[in-house]
Amino acid sequence: MPQLAGHLLVECLIAQGVTHAFGVPGESYLAVLDGFHAHADRIRFVINRQEGGAAFMAEAQGKLTGRPGVCFVTRGPGATNASIGVHTAFQDSTPMVLFVGDVASEARDREAFQEVDFSSFFGPSTKGMAKRVERIDDARRIPEYVARAFATAMNGRPGPVVLVLPEDMLTQVVDTVPLPRVEPVQAWSDPGALRDLRQLLLQAQRPLVIAGGGGWTAQAAAALQRFAESWQLPVSNAFRFQDTFDNHHPLYAGDVGLGINPALAARIRQSDLLIAIGPRLGEATNPGYELIEAPVPQQKLVHIHASAEELHRVYQPTLAICATMNAAARSLEVLAAPTAVAWSQWTQDCHADYLANTDTANGGIELPGGIDMPVVMQLLQQHLPADAVLTNGAGNFASWLHRFYRYTGLASGLKTQLAPTNGAMGYGVPAGVAASILTGRTVFTVAGDGDFLMNGQELATAVQHGAKSIILLLNNGSYGTIRMHQEREFPEHVSGSSLNNPDFCALAKAYGYAAERIASTAEFEPALLRALAAPGGTLIEVTLDLEVITTRATLSAIRQQALKSFAA
């Protein structure tokens, strides 16, 4: 039946299983908005307040579902605002499709109103944006382009795809039907490589698994757990993929990346066999490329990744295996293990190191001020349901979650962590709103004061669309991470990192959230219980002493150490 191309595009999304699309409306894709109206019973367009927030919500959707998150923005300013979400999806290996309404075909290449060359801005040549950028000029080919975008976003190393939509193309009348739902292709491990891996394991004394990256499913995580149990392997999770392997499991060794447990860092250096399943071992997981040396690691390295292009790109592993996570984990779980292994004590010690690192007795340091952050994390563990989704943006404030909160593993069937490995500030609030809209589960967001102000406007989106998130806002009046680095590199020279903040509680209430401010640890538990019981969202502002800058050292200690080093 003939229809507008914009309506066909919406039907193609429905055919791919999309139930929600996020975005900020634009006159360049009015025909698509009309398509959402026509199919409102099958797909919901979530109206955001800024394109960066919309793109973060779509990225969170990709992490939660394993299928491409969908975002719609208009040309020029809208697309450039959304680029932060595209970059996050690229570095986090998250499937996502960004649809950009564009100038009409007849105005193209004239620097028309808000015109941008999106292939140059987002294309693979940027080495950090989209996997693929395409422009749909023929409305009859919309099903082809949409199916290819979804396949590209999911296959190999997952990532973002950008589809550009000329506004005149969207108003064409077409008689075309959507293509069937695309499923990701599974690439299986080479049998010879699996035999080689088994031999490396049999020769090892101190093996260690690092799991993470994109493309994991509950089935793959369960298979990984069975593999680890069969071989009694200690398993760590890559930076901000902390829910890949269950943190409560006796084989869990902790998370690898920024703020790593020093004991785990030592274990990695001591290991004689590292098995990296899924992560690309980027700089966030391997700070400075020093923990695992590049290009040739000191340890034997088995690198298993879904993209052949990623293998041997940074590291020269002992053994490289190209396989998707479902296929890799299912191959590993049937790898015959011996009746006994040489590293049983090593595995127990790795887990003991993790438990010691999560001891909430002040985290091993004296914390000034009225808030004991390790105890706050303990209370979260006590009161949040096991299926709660925890989100955060970027900043030192997130290190309290990373160190002290124990995430339920993906093998349980649910993803519980949403956080940006690319260090994008402002991610946590919109990701939490998206998680509430998409899952209806309890959502808890930890944000800093600077981080919150990047995308706090999305509380209006939450209220409009019936979402509920609880936000713990740690207010220390500073861009804390930058201040920490300033004290390390230029002690006592404070520049550009101090913040004069608004009344966050009044701001949250203006958006429609409940809000309260606390200044002591004793106040937190009652505030949390009230927030959990409330019908809508709540912001809990914590006035945090700036000295409480990391989980391992105060700001003064960092400054004094720097001054001492410079004096020497």
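Before moving on, here are some points about what is shown:
- Residue-averaged 222 nm ellipticity for the chain, from DSSP H runs of 4+ at -39500 (n - 2.57), nearest 500: -11500 deg cm²/dmol
- Solvent-accessible area, 1.4 Å probe, carbon plus sulfur percent, for region 14-153: 49
- Using C-alpha pairs under 8 Å with a sequence gap of at least 6, the mean separation divided by the residue count of region 383-432 gives a relative contact order of 52 percent.
- The His248 and Leu335 beta-carbon pair, evaluated with R₀ = 35 Å, returns a calculated FRET efficiency of approximately 0.90.
- Extended-chain gain in nm, criterion 0.36 nm per residue less alpha-carbon gap, Arg517 and Thr543: 8.6 nm
- Cut-off 12 Å between beta-carbons: net charge of the residues surrounding Leu291, Lys and Arg +1, Asp and Glu -1: -1
- Between region 385-443 and region 248-317, the Cα center-to-center distance that results, in Å: 23
- The local environment of Asp272, defined by Cβ-Cβ distances under 13 Å, has a net charge of +4 under the rule Lys, Arg +1 and Asp, Glu -1.
- Extension gain for the segment Glu27 to Gln378, taken as residue separation times 0.36 nm less the Cα-Cα distance, is 121.5 nm to one decimal.
- Only aspartates and glutamates eight or more places from Lys127 in sequence, or on another chain, were considered; those with a Cα closer than 20 Å are Glu59, Asp92, Asp117, Glu283, Glu309, Glu310.
- Between the listed residues Pro160, Phe150, Gly278, the Cα displaced farthest toward the positive end of the dipole of the chain, a dipole computed from Cβ unit charges relative to the Cα centre, is found at Gly278.
- The calculated FRET efficiency for Glu293 paired with Asp196, based on their beta-carbon distance and R0 = 22 Å, is about 0.50.
- In terms of its alpha-carbon gyration tensor, region 373-463 comes out oblate; a/c meets the 1.5 threshold, while b/c is at least as large as a/b.
- Candidate cross-link partners of Lys300 among the aspartates and glutamates, defined by an alpha-carbon separation under 16 Å and a same-chain spacing of 8 or more, comprise Asp196, Asp272, Glu290.
- Virtual spin-label span in nm between Ala38 and Asn501, 7 Å along Cα→Cβ: 4.8
- Accessible surface computed residue by residue for region 62-206, with neighbouring protein chains in place and a 1.4 Å probe, gives 43 Å² per residue.
- Carbon/sulfur fraction of accessible area - region 372-526, other protein chains in place, 1.4 Å, %: 51
- Per DSSP, loop trypsin sites (Lys or Arg not before Pro) in region 113-212 with at most 16 further Cβ within 10 Å: Lys127, Arg181
- Working from label points 7 Å from Cα in the Cα-to-Cβ sense, the Asp117 to Arg181 distance is 4.0 nm.
- Region 224-269 - accessible surface per residue (Å², probe 1.4 Å): 28
- Loop-resident trypsin sites (Lys or Arg not before Pro) (DSSP state other than H, G, I, E or B) in region 450-517 with no more than 16 further Cβ atoms inside 10 Å of their Cβ are absent.
- Here the gap between Asp138 and Glu106, fully extended at 0.36 nm per residue and compared with their Cα-Cα distance, gives a gain of 10.2 nm.
- From the alpha carbon centroid of region 117-168 to that of region 503-540 is 41 Å.
- Two-site FRET efficiency, Ser565 against Thr360, from Cβ-Cβ distance with R₀ of 35 Å, rounded to 0.05: 0.70
- Model label sites at Gln345 and Met1, defined 7 Å from Cα along the beta-carbon direction, differ in position by 7.4 nm.
- Net charge dipole size for the chain [Lys, Arg +1 and Asp, Glu -1 on Cβ; Debye, nearest 20]: 1040
- Taking the 1.4 Å solvent-accessible surface of region 186-332 as the whole, the part contributed by carbon and sulfur is 49%.
- Restricting region 99-193 to chymotrypsin sites (Phe, Trp or Tyr not before Pro) that sit in a DSSP loop and have at most 13 other Cβ atoms within 10 Å of their own Cβ leaves Phe113.
The values are calculated or read from the model by the stated rules, or taken from the named source; none is laboratory data. Note that the coordinates shown come from a computational prediction; the quantities given were computed from them, not determined experimentally. All Cβ positions, even for glycine, are placed from backbone atoms using ideal geometry, and neighbour counts span all protein chains on display. Just the protein is used for accessible areas: all its heavy atoms, side chains included, with ligands, DNA and RNA removed. Shrake-Rupley method; radii C 1.70, N 1.55, O 1.52, S 1.80 Å.
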